[in-house]
Amino acid sequence: MADDNEDYVYDEATGEWRPASEVAAARAEAGAVRDAAGNVLADGDQVTLIKDLKVKGTSTTLKQGTVIKSIRLTDNPEEIDCRFDGIKGLVLRTEFVRKR
């Protein structure tokens, strides 16, 4: 149960007055970057590709199961920035990766 001294805010999504800490936690969770399986991603995580991907501008194809190390989150929650051998500035869509 919430503390009696806690501030309450009106949550328009549910139409209820809820403790401010609960609403803040729900908003943070909603804005989280997620992989194809729904796992939350963070800077430095390792991900695995879930399908073969042709890299635009090169003749390279990244195969399913390829491990990408040390990802970086971008301003877009649907994209991650990463490095892979011989490919600079690689940006992957989160729908094609799974957290290791």
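Read the figures in this text as sums done on the coordinates, not as results from a lab. Here the structure is a predicted model, which is why all the values come from computation and not from measurement. Every residue, glycine among them, receives a Cβ derived from its backbone with ideal geometry; neighbour counts consider all protein chains shown.
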Completion exercise
Relative to the chain, whose Cα atoms define the longest principal axis, helix 20-30 and its Cα axis are tilted in degrees, nearest 10, by 20 degrees
Handout entry: Residues of type lysines that residue 99 reaches as a straight line, Cα spacing below 22 Å, ignoring anything fewer than 8 places off in the same chain
Key = 51, 54, 63, 69, 88
Problem - Equivalent ellipsoid semi-axes - Cα gyration tensor, the chain, angstrom - result: 38, 12, 11
Completion exercise
Helix-only [θ] at 222 nm, the chain, -39500 (n - 2.57) per DSSP H run of 4+, per residue, nearest 500, equals -3500 deg cm²/dmol
Fill in the blank from the handout: The summed charge of the residue 67 Cβ neighbourhood (under 14 Å; Lys/Arg +1, Asp/Glu -1) stands at +3
Handout entry: Positive minus negative residues near residue 48 (Lys, Arg vs Asp, Glu; Cβ under 11 Å)
Key = +4
